Amino acid sequence: MSDASGKAVVTVGNGDAAVDVVVSELTVSQMRQVIMSNPWPGEDAAPEDLVHYQLDNYLFDDCRLCDLSIMANLDKAKLSSLTGGDLRKILAKAKELNPDFFAALGRMAAARKSS
(Lines give C-alpha, C1' and ligand atoms only; values in the text may rest on other atoms or scores of the structure.)
Protein backbone atom coordinates (compact mmCIF):
# COMPACT_ATOMS: atom_id res chain seq x y z
CA MET A 1 0.00 0.00 0.00
CA SER A 2 1.35 3.38 -0.93
CA ASP A 3 1.61 6.01 1.79
CA ALA A 4 -0.39 8.30 -0.53
CA SER A 5 -3.44 6.05 -0.48
CA GLY A 6 -6.37 6.93 1.74
CA LYS A 7 -7.09 4.88 4.83
CA ALA A 8 -9.76 4.90 7.51
CA VAL A 9 -10.44 2.87 10.63
CA VAL A 10 -13.78 1.16 11.17
CA THR A 11 -14.53 -0.24 14.62
CA VAL A 12 -16.68 -3.37 14.55
CA GLY A 13 -18.00 -5.41 17.44
CA ASN A 14 -18.79 -4.19 20.94
CA GLY A 15 -16.97 -3.86 24.24
CA ASP A 16 -14.03 -6.19 24.71
CA ALA A 17 -14.81 -7.83 21.37
CA ALA A 18 -14.45 -4.54 19.44
CA VAL A 19 -11.84 -4.62 16.69
CA ASP A 20 -10.42 -1.81 14.57
CA VAL A 21 -10.29 -2.61 10.87
CA VAL A 22 -8.18 -0.44 8.56
CA VAL A 23 -9.89 0.07 5.21
CA SER A 24 -7.76 1.38 2.36
CA GLU A 25 -8.16 3.11 -0.94
CA LEU A 26 -7.04 0.77 -3.70
CA THR A 27 -4.29 1.64 -6.14
CA VAL A 28 -4.99 1.00 -9.83
CA SER A 29 -2.74 -2.07 -9.60
CA GLN A 30 -4.80 -3.41 -6.69
CA MET A 31 -8.02 -2.72 -8.60
CA ARG A 32 -6.71 -4.89 -11.42
CA GLN A 33 -5.74 -7.58 -8.90
CA VAL A 34 -9.25 -7.58 -7.44
CA ILE A 35 -10.91 -7.78 -10.85
CA MET A 36 -8.64 -10.63 -11.98
CA SER A 37 -9.00 -12.70 -8.80
CA ASN A 38 -11.07 -15.83 -9.20
CA PRO A 39 -12.03 -17.52 -5.94
CA TRP A 40 -13.60 -20.55 -7.70
CA PRO A 41 -12.40 -23.57 -5.68
CA GLY A 42 -12.70 -26.02 -8.59
CA GLU A 43 -14.99 -28.86 -9.56
CA ASP A 44 -13.56 -31.25 -6.95
CA ALA A 45 -13.82 -28.78 -4.06
CA ALA A 46 -15.07 -29.84 -0.66
CA PRO A 47 -18.64 -28.77 0.21
CA GLU A 48 -17.40 -26.17 2.73
CA ASP A 49 -15.19 -24.59 0.04
CA LEU A 50 -18.19 -24.36 -2.29
CA VAL A 51 -20.30 -22.74 0.43
CA HIS A 52 -17.50 -20.26 1.11
CA TYR A 53 -17.39 -19.48 -2.62
CA GLN A 54 -21.15 -18.93 -2.76
CA LEU A 55 -21.17 -16.56 0.22
CA ASP A 56 -18.08 -14.82 -1.14
CA ASN A 57 -19.91 -14.05 -4.37
CA TYR A 58 -23.52 -13.58 -3.27
CA LEU A 59 -23.57 -12.08 0.23
CA PHE A 60 -23.47 -8.54 -1.19
CA ASP A 61 -24.74 -7.31 -4.55
CA ASP A 62 -21.81 -5.10 -5.43
CA CYS A 63 -18.76 -6.63 -3.74
CA ARG A 64 -17.36 -10.09 -3.14
CA LEU A 65 -15.94 -10.91 0.27
CA CYS A 66 -12.55 -11.59 -1.35
CA ASP A 67 -12.63 -8.02 -2.75
CA LEU A 68 -13.47 -6.62 0.67
CA SER A 69 -10.67 -8.66 2.22
CA ILE A 70 -8.14 -6.87 0.01
CA MET A 71 -9.54 -3.42 0.82
CA ALA A 72 -9.54 -4.16 4.56
CA ASN A 73 -6.60 -6.58 4.75
CA LEU A 74 -8.77 -9.30 6.31
CA ASP A 75 -7.95 -12.98 5.94
CA LYS A 76 -10.56 -15.73 5.49
CA ALA A 77 -10.60 -16.57 9.21
CA LYS A 78 -11.14 -12.95 10.27
CA LEU A 79 -13.87 -12.44 7.65
CA SER A 80 -15.59 -15.57 8.95
CA SER A 81 -15.71 -14.17 12.48
CA LEU A 82 -17.52 -10.97 11.47
CA THR A 83 -21.27 -10.45 11.37
CA GLY A 84 -23.23 -9.12 8.41
CA GLY A 85 -23.57 -5.80 10.23
CA ASP A 86 -19.80 -5.62 10.75
CA LEU A 87 -19.19 -6.38 7.09
CA ARG A 88 -21.71 -3.73 5.97
CA LYS A 89 -19.86 -1.11 8.04
CA ILE A 90 -16.56 -2.09 6.45
CA LEU A 91 -18.14 -2.18 2.99
CA ALA A 92 -19.63 1.29 3.45
CA LYS A 93 -16.19 2.69 4.27
CA ALA A 94 -14.64 0.79 1.34
CA LYS A 95 -17.22 2.36 -1.00
CA GLU A 96 -16.50 5.80 0.45
CA LEU A 97 -12.76 5.38 -0.15
CA ASN A 98 -13.09 3.67 -3.56
CA PRO A 99 -15.99 5.32 -5.44
CA ASP A 100 -14.34 5.03 -8.86
CA PHE A 101 -13.63 1.34 -8.38
CA PHE A 102 -17.22 0.57 -7.38
CA ALA A 103 -18.53 2.68 -10.28
CA ALA A 104 -16.34 0.68 -12.66
CA LEU A 105 -17.65 -2.60 -11.22
CA GLY A 106 -21.21 -1.35 -11.78
CA ARG A 107 -20.47 -0.43 -15.39
CA MET A 108 -18.85 -3.82 -16.01
CA ALA A 109 -21.88 -5.62 -14.54
CA ALA A 110 -24.25 -3.56 -16.68
CA ALA A 111 -22.18 -4.30 -19.79
CA ARG A 112 -22.30 -8.07 -19.06
CA LYS A 113 -26.10 -7.92 -18.67
CA SER A 114 -26.59 -6.09 -21.95
CA SER A 115 -24.39 -8.42 -24.02
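Shape class of the stretch 20-67 from the Cα gyration tensor (axes a ≥ b ≥ c, square roots of the eigenvalues): prolate, since a/c reaches 1.5 or more and a/b is larger than b/c. For the stretch 82-90, the Karplus equation 6.51 cos²θ - 1.76 cosθ + 1.60, evaluated at θ = phi - 60°, returns couplings of 8, 8, x, x, 4, 5, 5, 5, 5 Hz by residue, with Gly and Pro reported as x. Rounded to the nearest 20 debye, the dipole size of the chain about its Cα centre is 420 debye, using +1 on the Cβ of Lys and Arg and -1 on the Cβ of Asp and Glu. Sparse packing (at most 11 other Cβ atoms within 10 Å of the Cβ) combined with a DSSP loop state is found for none of the chymotrypsin sites (Phe, Trp or Tyr not before Pro) in the stretch 16-94. Taking the Cα centroid of the stretch 1-78 and of the stretch 88-115, what is the distance between the two, rounded to the nearest whole Å? The two parts, judged by their Cα centres, are 14 Å apart. Accessible area per residue for the stretch 1-108, computed on protein heavy atoms with a 1.4 Å probe, is 61 Å². Taking label points 7 Å from Cα along the Cα-to-Cβ direction, Thr83 and Asn57 give a separation of 2.9 nm.
The relative contact order of the chain comes to 27 percent, based on Cα pairs under 8 Å that sit 6 or more residues apart. The ellipsoid that matches the Cα gyration tensor of the chain has semi-axes, each √(5λ) in whole angstrom, of 23, 20, 13, with the longest given first. Model label sites at Ser115 and Ala8, defined 7 Å from Cα along the beta-carbon direction, differ in position by 3.3 nm. Scanning residues 5 or more positions from Val21 or on other chains, those with amide H under 5 Å from its amide H are Val10, Thr11, Val12, with H placed 1.01 Å from N in the peptide plane.
The values are calculated or read from the model by the stated rules, or taken from the named source; none is laboratory data. Quantities reported herein were computed from a predicted structural model and do not represent experimental measurements. Don't worry about glycine lacking a Cβ; one is built from the backbone with ideal geometry, like all the others, and counts go over all protein chains shown. Side chains included, ligands, DNA and RNA excluded: accessible areas come from the protein's heavy atoms. Shrake-Rupley method; radii C 1.70, N 1.55, O 1.52, S 1.80 Å.
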